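**Q** What follows is a structure written as structure tokens; I'll ask about it next.
Laboratory data are not the source of any read-out in this text; all were calculated from the coordinates shown. In this text the structure is predicted, and so the values were computed from the model without any measurement. Neighbour counts are summed over all protein chains in view; Cβ atoms, including those assigned to glycine, are modelled from backbone coordinates with ideal geometry.
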Amino acid sequence: MNELKGKVAIVTGGASGIGLASAEKFLAHGARVVIADINAEGGESAAAALGSNAAFKTADVSDTGQIGDLIDFTVDTFGGLDIMFNNAGIPAAMRSSFLDDDLHDFRHIMDVDLLGVMLGTQHAARYMAEHGGGSIINTTSIGGIQARRGQMAYRAAKAGVIHFTKCVAIDLAEYGIRVNCIAPGGIPTKILSITTAHLADPDEAVRELREVIKSIRPLPHDGNADDIAEAALYFAGDRSDYITGTILPVDGGIVAGMPLNAMADIEKSCATPISA
Ligand SMILES: NC(=O)c1ccc[n+]([C@@H]2O[C@H](COP(=O)([O-])OP(=O)(O)OC[C@H]3O[C@@H](n4cnc5c(N)ncnc54)[C@H](O)[C@@H]3O)[C@@H](O)[C@H]2O)c1
């Protein structure tokens, strides 16, 4: 439980869901952690509950000034920065077709989901480059890997995170800075309800979405925020010190492919002799 002993981490979007689970995991493994979020109330109370090795700083990841202040706050509070988890993100609203999408949220999504990751990486790396390196972890999504209908701005932003992670990993390697990303899929957090908030029956839409996720996922059991936190712990610590520029889906196998039961039935019937 001492994998991150002596290290200092920032987790953006740490007031809830995957970010909060990761902050808890990092703390449990000996790190000191700054939770950064626009949700000041949630972030303050989360940090207070986590004890003196946790602190909270209000920060909008899409604002370069606020991210600069976040790095300064972290160094002033805990004496350094070794791990930057650029996890904050927002979804796009569900639309039945791209033709119905007015793209009104395009810039906001790009600002938070892509520019936010780039700013977090740049500000953290400027500090890390002068202080012996570090580990940067970015949250993308299986939506940035798989081509599917709907949520085009979100998918484009998350695909951007993947390409950016690979490119910047090359750029920063000479400073001892590793950059990897995690692609969650089907993790029950409040992000799904934000996705469906504009629909007539948002709760029913969330239930339907969960059913769809289950049907396209090879592993039968549900994942949770702690599964992502485990992956983040791996990238944060020294066990992964020869790994950079990678994308790890944590999704129950969704990007590997669909469990096509119908296909299996066809194969079975083909194996049956015609005369039988
Ligand atoms: N839950 C999933 O299945 C899933 C799947 C794919 C990707 N993701 C990604 O995982 C990340 C975490 O999401 P989650 O599922 O924990 O959802 P969540 O809504 O519980 O957490 C997102 C957090 O980000 C914060 N946030 C939003 N905008 C911000 C901003 N501008 N600056 C700082 N903080 C901001 C929110 O206040 C919230 O605390 C996101 O990047 C999301 O896109 C989640």
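**Q** Pull up all non-local amide H partners of residue 246: gap of 5 or more, or a different chain, and H-to-H distance under 5 Å with H placed in the peptide plane.
**A** Sorted by chain and number, the residues that satisfy this are 181.
**Q** Separate question: Taking only C-alpha pairs under 8 Å that are 6+ residues apart, what is the relative contact order of the chain in percent?
**A** With pairs under 8 Å counted, the relative contact order is 18 percent.
**Q** Quick one: which residues, 5 or more positions from residue 136 or on another chain, have an amide H under 5 Å from its amide H? H modelled 1.01 Å from N in the peptide plane, none for Pro or chain starts.
**A** 84, 178, 179, 180
**Q** Compare the peptides 119-126, 9-16 by average per-residue count of other Cβ atoms within 10 angstrom and give them in order, highest first.
**A** Most protected by this proxy first, the peptides run 9-16, 119-126.
**Q** Work out the FRET efficiency for residue 208 and residue 170 from their Cβ-Cβ distance, taking R0 = 51 Å, and round it to the nearest 0.05.
**A** The value I calculate is 0.80.
**Q** For residue 5 and residue 163, what is the calculated FRET efficiency with R₀ set at 25 Å and r taken between the beta-carbons, to the nearest 0.05?
**A** Calculated transfer efficiency: 0.15.
**Q** Can you tell me which lysines have their Cα less than 20 Å from the Cα of residue 190? Leave out same-chain residues fewer than eight positions away.
**A** Excluding near neighbours in sequence, the set is 25, 158, 214.
**Q** Still on this structure, I have one more. How much length is gained if the chain between residue 230 and residue 130 is pulled fully straight, taking 0.36 nm per residue apart and subtracting their Cα-Cα distance, in nm to one decimal?
**A** 33.2 nm
**Q** If you keep only loop residues by DSSP, which trypsin sites (Lys or Arg not before Pro) in the range 175-207 have at most 16 other Cβ atoms within 10 Å of their Cβ?
**A** 190
**Q** Semi-axes of the equivalent ellipsoid for the range 8-271, please: Cα gyration tensor eigenvalues, times 5, square-rooted, ordered largest first, whole Å.
**A** Here the semi-axes work out to 32, 21, 18 Å.
**Q** Length gain on complete extension for the stretch residue 190 to residue 149, per 0.36 nm per residue less the alpha carbon to alpha carbon distance?
**A** So the extension gain works out to 12.6 nm.
**Q** To continue, here is another question. So, counting K/R as plus one and D/E as minus one, what does the shell of residues with Cβ under 13 Å around residue 157 add up to?
**A** 0
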